[in-house]
1. Would you mind listing the distances between the B:Gly29 label point and the same position in each other copy? Use 7 Å along Cα-to-C-beta, nm, one decimal, shortest first.
2. For chain B, what does -39500 (n - 2.57) per DSSP helix run (n ≥ 4), summed and divided by total residues, give at 222 nm, in deg cm²/dmol to the nearest 500?
3. How big is the charge dipole of the range A:41-110 about its Cα centre, in debye rounded to the nearest 20, if each Lys and Arg gets +1 on its Cβ and each Asp and Glu gets -1 on its Cβ?
4. For chain A, how big is the tail of P(r) above 30 Å, as a whole percent of Cα pairs?
5. Counting partner chain Cβ atoms within 10 Å of every residue's Cβ in B:75-85, what's the average?
6. Using the Cα centre as the reference, give the magnitude of the dipole from point charges on the C-beta atoms of chain B (Lys, Arg: +1; Asp, Glu: -1; all else neutral), rounded to the nearest 20 debye.
7. Students often forget the sequence filter, so: which lysines lie under 29 Å Cα-Cα from B:Lys41 once same-chain residues fewer than 8 apart are removed?
8. Whole-Hz Karplus ³J(HN,Hα) for the range A:45-62, in order, using 6.51 cos²θ - 1.76 cosθ + 1.60 and θ = phi - 60°, x for Gly and Pro?
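Please treat every number below as a calculation from the coordinates, not as lab data. These numbers come from a predicted model, not from an experiment. Cβ coordinates were reconstructed from backbone atoms using ideal geometry, including for glycine residues, and neighbour counts include every protein chain displayed.
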2 protein chains.
Amino acid sequence: MQESLTPAGRRIVAAAEELFYTRGITAVGVDLVAERSGVTKRTLYNRFGSKDRLVAVYLTQRDERWRALVLAAVDRCDEPLDAVTAPFDALTTWSETNERGCAFVNALAELPDPEHPARAVVVDQKRWLRDLFAELATTAGCAEPGVLADRLLVLHEGALATQPLPLETLAVTCELARELVRAATRHS
Amino acid sequence: MQESLTPAGRRIVAAAEELFYTRGITAVGVDLVAERSGVTKRTLYNRFGSKDRLVAVYLTQRDERWRALVLAAVDRCDEPLDAVTAPFDALTTWSETNERGCAFVNALAELPDPEHPARAVVVDQKRWLRDLFAELATTAGCAEPGVLADRLLVLHEGALATQPLPLETLAVTCELARELVRAATRHS
DNA sequence: ACACTCCTTCACTGATCTGTATACCTTGGC
DNA sequence: GCCAAGGTATACAGATCAGTGAAGGAGTGT
C-alpha cells in the first residue's frame with residue numbers, strides 16, 4: 001500500500017499518523033498536517049482527495065505496522081502454546097511508544113458516522129486479531145478455540161483501553177491471558 | 001451536583017450529553033448545544049464559562065447516573081458472590097441504550113490535554129469501579145481481591161471497547177467474569 | 001518537441017469555531 | 001418601589017475549518 005505513495009504522500013501520512021494519534025483526528029486540521037509534512041495543502045488534496053480518505057490511509061498504514069509487529073512476536077515463539085499469547089507481548093512493546101491507547105478505538109470514538117471509510121479498517125483490525133487468536137489456539141490444541149479467542153480479544157482491548165490511565169493493568173492482563181490459555185489446554 | 005443547576009442549566013447538560021456522546025465532543029459546537037436545549041449561547045456561557053467546563057459537567061453527571069445503576073445492581077444481589085459480577089449485569093443494561101462505547105474512554109480519546117478538567121473525572125470513574133470490585137471481592141471472601149479487581153476492570157473495559165463493533169463479546173465477557181470469581185473463591 | 005506526473009504558490013470561498021459585548025425583559029424577594 | 005438573578009435577542013470578533021481554482025515549475029520518458 002505505501003509503496004504506491006509518492007514521496008510527498010509518504011511524508012503526509014507520516015505527519016498525519018503523529019498528529020492524528022497524539023492530538024486526535026477532529027482536533028487536527030489539514031493545514032497543520034500539510035505544514036508538518038513540508039507540503040502544500042494542494043498536494044495533500046491531490047494525493048488523498050479528502051481528509052476522511054487521509055484518515056483511512058493513516059489507519060490502514062498503522063494497522064499494517066501493528067500486524068507486522070504481532071506476527072513477528074508470534075514467529076519468535078518456539079512453543080505453539082506461547083504463540084497464543086504472543087500478541088500480548090507485542091502489545092507490551094507497542095505500548096511503550098504509543099501511550100494514547102488504541103488508535104482504532106480512538107478513531108471510532110471520534111468518527112460516529114457508520115459510513116466513514118475508517119470504520120471498516122477498525123472492524124477489520126479487531127476481527128483479524130480475534131481470528132488470529134482462534135487460529136493460534138487451534139494450533140496449540142486448546143479447547144474451544146473460538147471462545148478462548150473472544151476472551152483474549154476482550155482482554156487485549158481492555159488492556160489497551162485502560163493503558164492511558166494510571167492503573168498498571170498491562171502486566172495483570174498478560175498473566176491472566178496466559179492462565180486462560182493454560183486452562184484451555186489442561187482440559188483437552 | 002445537578003440540584004445546583006438552574007432549569008436552563010439542566011436542559012443544557014441534557015442536550016450536551018445526548019450530542020457529545022452520540023456525535024463526539026470536538027465535533028459538536030456550543031451553538032448546536034444551545035439550540036438543542038432551547039437556550040441562548042449567552043446563557044450557556046453564563047452558566048458554564050467555557051465548553052471545557054461544560055464537558056466536565058457532562059461527564060460528571062453521566063458518571064453519577066452510571067454509578068447509581070451499578071450500585072442498584074449490586075444491591076439487588078442476595079449472594080455476596082453474585083454482587084462481585086453485578087457491575088457486568090449493569091453493563092448489559094447500560095449498553096442497550098448506549099451503543100457508542102464508553103463515554104469516558106471516548107472523551108479521553110478526544111481530549112489529549114492532560115490538564116483538561118475532564119480527565120480527572122475519567123480517572124476517578126475507573127478507579128472507583130476497580131475499588132468497588134476489590135471491596136465486593138473482599139466481602140465475598142475471594143482470594144487476592146486486588147488482583148481479581150484489576151482483572152475484572154480490564155474485562156469490563158474490554159467489553160465496553162469492543163461494544164461498538166459487531167463482535168458480540170458482552171455475553172462471553174460476563175461468563176468469564178463469573179468464572180474468575182468462582183475460581184477465586186474455590187481456592188480460599 | 002511533447003506530454004505526463006509531481007509538486008508548488010497563492011488567493012479564495014463559505015462555513016463554522018469559541019467566546020464576547022450590549023441591551024433588554026421578567027420574576028421573585030425584601 | 002427596588003434590585004438582583006436568570007434569561008433573551010442580536011450582533012460581532014477573530015480564528016480556523018475543509019476544500020477549490022488557476023497557473024506554473026521541474027523532472028522523466030517517448
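1. 1.3
2. Numbers: 10 runs with 140 residues, N = 188.
Result for chain B: -24000 deg cm²/dmol, rounded to the nearest 500.
3. Details: 10 positive and 11 negative charges, 174 e Å.
Dipole magnitude for the range A:41-110 comes out near 840 debye.
4. Working: 4717 of 17578 pairs.
Counting pairs separated by more than 30 Å, the tail of P(r) holds 27 percent.
5. Values: counts 0, 0, 0, 0, 0, 0, 0, 0, 0, 0, 0.
Partner Cβ neighbours, averaged per residue: 0.
6. Working: 22 positive and 27 negative charges, 141 e Å.
Here the size comes out at about 680 debye.
7. Candidates past the 8-residue exclusion: B:Lys51.
8. 6, 5, 7, 10, x, 7, 5, 4, 5, 4, 4, 4, 5, 4, 5, 4, 5, 4
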